[in-house]
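Everything on this sheet refers to the single structure shown next.
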Amino acid sequence: MLSFITPFRLALPIPIREVWFLGKNDQIPRCTLIPRPLRIFNSEQRIDGLPGRWRQAQTLVNRLDSLDDLKSRLSSGTRREIRQSIERDRSRVVLGWTPAQLASFARNLDAGNPNQPNLARMLALAAVGGLGIAAAFIGESILCAHVYVEDAALGMTRLLYSYSARPRRRDNDDSARSPETTEFAALVGRTNKALHWLDMQRYRDRGFRIYDWGGYSGRKDNGIDRFKMLFRGEIVETWYFEGATLPRWRHLKRG
């Protein structure tokens, strides 16, 4: 499992311990419940006597030891787009981005979008060696970026955030699907597919076994699910735990 503490996760200055890549019988690192009147966590939910949020959800995974077999099972259209992105568009992958760079990219896409990355969480992950960021460029322009939670000991990685560039609309242009925007969307789409494929190869070469797509809603009208299913992943259950920890509050009260 991968365990780390994210400071100030919520509106209140409360550190949150997150535990990823759990098995059903794993021991949870000790956490302390936030006082019940705050009602941030449901104290009725306990695992091994510890209060917090214990989550079970569906996700899609690809097993990286069968990556060569996966390539043969991709549709011809998906294989063609990946090849076009790498060979014709000359997309390239840049590793080593900092959490601040990723947050800036996401913010510039749409400052009003509530789905902004949690910078404190990424910094906490980086501090325990559990963060991976990959960005795809064409020339000097970034088209998409992926953020991963990594557990090298278990050989598992999970997609945490994914962001893609959007076409800039001209002034007084009310057309949402002009030829320029359609072409740009296609370019970003195949770049994103290529980045996922190259990420899988990179993690396999590092000895990782599981590529987790970060969730699966199971809804037929969900476009993100349809994109993930292009890679022929299998649906599995995933486990996750988070609990509040209050290591400093006693000292604050004494002062």
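Key figures for this structure:
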{"read-out": "Selection count where residues are open to solvent by 60 Å² or more (accessible area, probe 1.4 Å) and among the small types (G, A, S), scope region 79-99", "value": "1"}
{"read-out": "Lone qualifier among G132, G96 - being at positive phi and of a type outside the set (K, R)", "value": "G96"}
{"read-out": "Subset of region 59-76 [surrounded by fewer than 17 Cβ atoms within 10 Å (Cβ to Cβ) and either of a type in the set (S, T, N, Q) or at pLDDT 95 or above (or both)]", "value": "S66, S72, S75, S76"}
{"read-out": "Residue in region 30-46 that is out of contact with any Leu (no Cβ under 9 Å at 6 or more places or on another chain) and at pLDDT 60 or above present", "value": "no"}
{"read-out": "Positions within region 6-25 being surrounded by fewer than 17 Cβ atoms within 10 Å (Cβ to Cβ) and at pLDDT 65 or above, in sequence order", "value": "P7, G23"}
{"read-out": "Filtered residues of region 192-208 (kept if more than 17 Å from F137 (Cα to Cα) and touching a Ser or Thr at 6+ places or on another chain (Cβ under 7 Å))", "value": "Y203, F208"}
{"read-out": "Pair list, Cβ < 6 Å and 6+ apart or interchain, from region 175-200 residues that are within 20 Å of L160 (Cβ to Cβ) to residues that are modelled with pLDDT of 95 or more and open to solvent by 30 Å² or more (accessible area, probe 1.4 Å)", "value": "K193/E81; A194/I86; L198/V93"}
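For every residue, the table says whether it meets (1) open to solvent by 40 Å² or more (accessible area, probe 1.4 Å); (2) over 17 Å from the mean Cα position of the chain (by Cα).
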| residue | (1), (2) |
| --- | --- |
| A186 | yes, yes |
| R190 | no, yes |
| D199 | no, no |
| G207 | yes, yes |
| G214 | no, no |
| F227 | yes, no |
| R232 | yes, yes |
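The values are calculated or read from the model by the stated rules, or taken from the named source; none is laboratory data. The structure presented is a predicted model; accordingly, all values stated were derived computationally and were not measured. Cβ: placed from backbone, ideal geometry, glycine included. Neighbour counts: every protein chain shown. Heads up: the accessible areas ignore ligands, DNA and RNA and are worked out on the full protein's heavy atoms, side chains in. Shrake-Rupley method; radii C 1.70, N 1.55, O 1.52, S 1.80 Å.
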